[in-house]
Amino acid sequence: MPDVITVRLQTDSDSFQEVVVKIERLTYKKPFLGGFRNMRTGEEFHNAGSQTRCEKRPDKGIELFCRETQTIWSKNKPQQTRNTTSTQMTKIGLYVSNMTDKLISPGKYFTAEEYHRRRLEAVIVLQKYFRRWHAKNVVQNLREQKRLRLAWEAEEELRKKREKEEQLRREYERKLNPKTKEDFELLYHDLELWIQEEIERINGTLTGAERKAALCELLEREAQLIACFERHKLNANEQNQQKAILHLLDKCAQPKRWMAFDGKITEMDTRDTLRARELLEIYHSISMKDIPKDERRDVLLTLRCTVKEHECKLTQEIVELVDREVDLLSRDVKECNLEGLRKRICTLFLQFIKIPKCNPRVAELLKVPQDPLKLYKNIYFCHSCENYLPSTEFLIPANSHTIGRCRLCYKLDNEARRRDSFFKYRLILENLRKSEADYEDDTKIVSFVQLPDLQYMIENIWNCQSALSAWSELYDLVMVRWDKRYEWSPWNTILLTKEEADAHLKLCNLEKAYEAAFIYRIQQKHIWAKNYFARIPAISSFLHRSDNQANASSYKKHDSSMK
C-alpha cells in the first residue's frame, strides 16, 4: 500500500469530494481488538478502533486515578479439606498378612528445653569450626602481608643501597674526571676537609719544630693539589668551550618548528637555517684532524669562497691564512707544524660565524646584544673584579640590598677561603622548582628564593635534617609544601626525605595525621622563616596574602566546628 491514497467521498446526491489520506505505518504489531479472521486464507480483518490512533486526552496538569486503583476488595473464608482414610484389619472371613508390617516403638522423649539445648550445642560446634576457618584465613592473610612487606622492605633496602653505590660511584667519577663547576666545588670541599683533618692530627701528635715542618709539608702538598686542580680546570674549560661552540652552531642550524592543530610537529628550513647549516659543515670540516691533503685543500678552497662573499678585514685575514696553509701543504710541511695556523683559521672563522651579517640566525643566540642601547639596561658594576656585567652574572640573595660581587668572584673567594660545596643545596632547589612547576598553579615565591636563601633555611631553620626522622643526608632530602592547598613559600614548607614527602603529600588532614606538638614545632619554624623574609619587599606582599588565606581557613574551621 502506498504512503498516500486518495479517497472519493459523496457529499451530496450529485456531488463528490476527493480527500487525501496519509497512511501511518507503525513499527509494532497492532493488537487484535475485534473483527474476524478468514478461516481459509488466515487473513485478519480488524475493527476500526484498532486501526486508528486514539484521541489523546488533554493534560490537566494533575495526576488522576480511578476508584478501582484506589480501593481494594478483600474477602476471608476459612476452608477445611477432607482427608478420608481407612485401615483394613483381619476379621472373620478375611485374612490380612502381617509379614511386611513394621513394629514402631516410641523413642526417648525430650522436652523443648532439651531440644533447644541440643540445637545450641550444634550451633556452638558450627561456630567453632567457622571461627577456626576464619582465624586460619586471617592468619594466612597476615602471614602473606608480612611476607610481602618483608620482601618490599628488602627490595627497598636493596634499591637504596644500589642508589647509594651509584651515587658514590658518580661522585668518585666526578672527582676523578672533573668537568663542571660543581665537580671542582666537590674537589675543593674534599681538599678542605682533608686539610682540616691533617691539621688536627698534626696539632694532636707533634709539637715544636716537627709540627712546623709537618705544616710546611702540608702546605706544599696543598699547593701541588691546587695546581693539579687548575690544570684539570683548564682542560675542562677547553672541552666545555668546544662543546658550547658546537651547541651554538647546532642551534643555529636547526629548522624552525611549530605544532599544528592536530598535534603534529612541522619543520621548515629557511634561507638563514640553510646558511647556518652550511657554515656548521665547513667548521666541522676545518676542525677535523688526520685527513688527506687533497681533502684538506678542497675544504680550504670552500672556506675561501665562502668568506669572500663578505668583504671585511676579518675575511681578508682568513683568506691570507688559507692561502698560507695551501702553500705550506704544497711544500709538504709536517702537520704538527701547522697546528697553530689551523687553530687561528678555526678561531677567525668562528668569529666570522658569529657576525649577524654573515649568519643571521646567530643574532638571536648571542649573549651580547647587537643594539648598543640594550647594553645600558640591567648592567651592573662588580666592585671586586671591577667589570661591568649583566644582572644574570650576579648572585643576589633575596635579603640583599646591594648588588655585591659577581658569581666568578664568589667562586674564587669560596675556592680560596671557605671551600664550601653548594651542589646538594642546588639539587634541592632544582627539585623544589620542578615539583612546584608540576602543580601548574602559577606559584611565584619559589622563583625569588636563591641558593643562599635556601642554604640559610636548611642550615639554620631545619638544621640540615628531616623534620620527621632527623635524617641528615642532604642527597635524600627534599622540600615540599606543608599544606598542599596553598602555594609553596618559606612559611609553607617542610624538609623531609623522598619517601616521607610522598606520604606527606597524600595526607588530607594534617591535624589528624600529626600530633599537636609536632605541628607546633613546624609552626615555630614557619614563624622564623616569616621573620627572616619579611624584610624583603618583593616577598612581603606574598606574606600578607598568605596571612589572609590562613585567617580565612581558620574562620572556616571555626564556623564548621560551631555548626
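Sub-8 Å Cβ pairs linking a first residue in region 479-495 that is touching a residue at least 60 places away in the same chain (Cβ under 8 Å) to a second residue that is part of a loop (DSSP other than H, G, I, E, B), at least 6 apart or interchain, are Tyr486/Asn492, ordered by first then second residue. Out of Asp438, Asp420, Asp413, one residue alone is touching a helix residue (DSSP H, G or I) at 6+ places or on another chain (Cβ under 7 Å) and surrounded by fewer than 15 Cβ atoms within 10 Å (Cβ to Cβ). It is Asp420. Filtering region 315-324 for residues that are open to solvent by 50 Å² or more (accessible area, probe 1.4 Å) and in contact (Cβ under 8 Å) with a residue 24 or more places away in the chain leaves a non-empty set.
For the residues Phe16, Phe45, Phe110, the requirement of being at pLDDT below 80 and of a type in the set (A, V, I, L, M, F, W, C) singles out Phe45.
Cβ-Cβ contacts under 8 Å between residues 6 or more apart (or on different chains), taken from a first residue in region 335-346 that is within 15 Å of Leu300 (Cβ to Cβ) to a second residue that is among the hydroxyl-bearing types (Ser, Thr, Tyr) and part of a helix (DSSP H, G or I), are listed as Cys346/Tyr283; Cys346/Ser287.
Checked against (1) in contact (Cβ under 8 Å) with a residue 60 or more places away in the chain; (2) more than 24 Å from Leu412 (Cβ to Cβ), Arg170 passes all but a single condition, namely (1). Filtering region 506-522 to residues that are out of contact with any Phe, Trp or Tyr (no Cβ under 8 Å at 6 or more places or on another chain) and closer than 15 Å to Asn463 by Cα leaves only Arg521. Per the listing Arg304, Arg342, the residue uniquely of a type in the set (Lys, Arg), surrounded by 13 or more Cβ atoms within 10 Å (Cβ to Cβ) and touching a Ser or Thr at 6+ places or on another chain (Cβ under 9 Å) is Arg342.
The values are calculated or read from the model by the stated rules, or taken from the named source; none is laboratory data. Remember, predicted model here, so these are calculated numbers, not experimental data. Quick reminder, even Gly has a Cβ in these numbers, built from the backbone with ideal geometry, and neighbours come from all protein chains shown. Surface accessibility is based on the protein's heavy atoms, side chains included, excluding ligands, DNA and RNA. Shrake-Rupley method; radii C 1.70, N 1.55, O 1.52, S 1.80 Å.
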